[in-house]
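Asker: My questions all concern the structure below.
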Amino acid sequence: MDPKQQINEYMDILAEGNYFNGCVLASHKGKVILNEGYGLSSYQYAIENTPITKFHIWSLTKSFTAAAILLLHQQKKLNLFDMIHTYINDFPAEKGVTIHHLLSHSSGVADFTFSPEYWEKFMRLPSRLEKSMNWY
């Protein structure tokens with residue numbers, strides 16, 4: 001069995017069992033051997049994933065942002081103990097939150113995404129920082 005068929009059969013099994021929804025790009029020595037979408041990108045509208053489906057990357061950006069901040073700190077372009085309102089104008093200065101607080105999840109800023117109200121009322125709507133900070 002060729003590699004494309006092996007990967008495709010394996011991914012089909014995962015997708016049919018709802019264990020995987022996404023896209024797979026597999027290559028070997030610079031040659032694409034598989035570029036397929038599996039499962040649904042929208043259960044609500046029964047839209048299947050394709051090789052060109054665009055995905056929200058959600059919290060994946062947190063680790064890249066943290067790495068970029070640490071590089072800026074290493075280059076002495078910012079200090080981890082700088083107040084965050086120095087960089088985010090609308091952030092309330094009285095909260096005394098530093099970059100370090102945000103990176104170490106010790107800022108005291110509530111994780112409002114755990115509120116059922118967030119998913120019902122706010123998740124897909126544009127929101128200013130001040131509104132997001134104060135609604136919870």
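The values are calculated or read from the model by the stated rules, or taken from the named source; none is laboratory data. None of the values given here were measured: they were computed from a predicted structure. For the accessible areas, the whole protein counts, side chains as well, though only heavy atoms, and no ligand, DNA or RNA atoms are used. Shrake-Rupley method; radii C 1.70, N 1.55, O 1.52, S 1.80 Å.
Asker: Report in % the part of the accessible area of the chain that belongs to carbon and sulfur, leaving out ligands and nucleic acids; probe 1.4 Å.
Answerer: 57 percent
Asker: Additional query: In degrees from 0 to 90, rounded to the nearest 10, what is the angle of the helix 60-74 Cα long axis to the longest principal axis of the chain?
Answerer: Between helix and principal axis, roughly 50 degrees.
Asker: Residue 40's amide H: which non-local residues (gap 5+, or another chain) put their own amide H closer than 5 Å, with H modeled 1.01 Å from N in plane and none for Pro or chain starts?
Answerer: Close amide H contacts, sequence-distant or interchain: 49.
Asker: Take the Cα radius of gyration of the chain and divide it by 2.2 N^0.38 Å, with N its residue count; two decimals is plenty.
Answerer: Normalised Rg, Cα atoms only: 1.48.
Asker: Same structure again: Find how much the distance from residue 100 to residue 74 grows on full extension, using 0.36 nm per residue of separation minus their present alpha carbon separation; answer in nm with one decimal.
Answerer: Full-extension gain reported as 8.0 nm.
Asker: Number of Lys-Lys pairs in the chain under 18 Å by Cα, sequence gap 8 or more or different chains?
Answerer: Total qualifying Lys-Lys pairs in the chain comes to 4.
Asker: What accessible area per residue, rounded to a whole number of Å², is obtained for the chain using a probe radius of 1.4 Å?
Answerer: Per residue, the chain has an accessible area of 79 Å².
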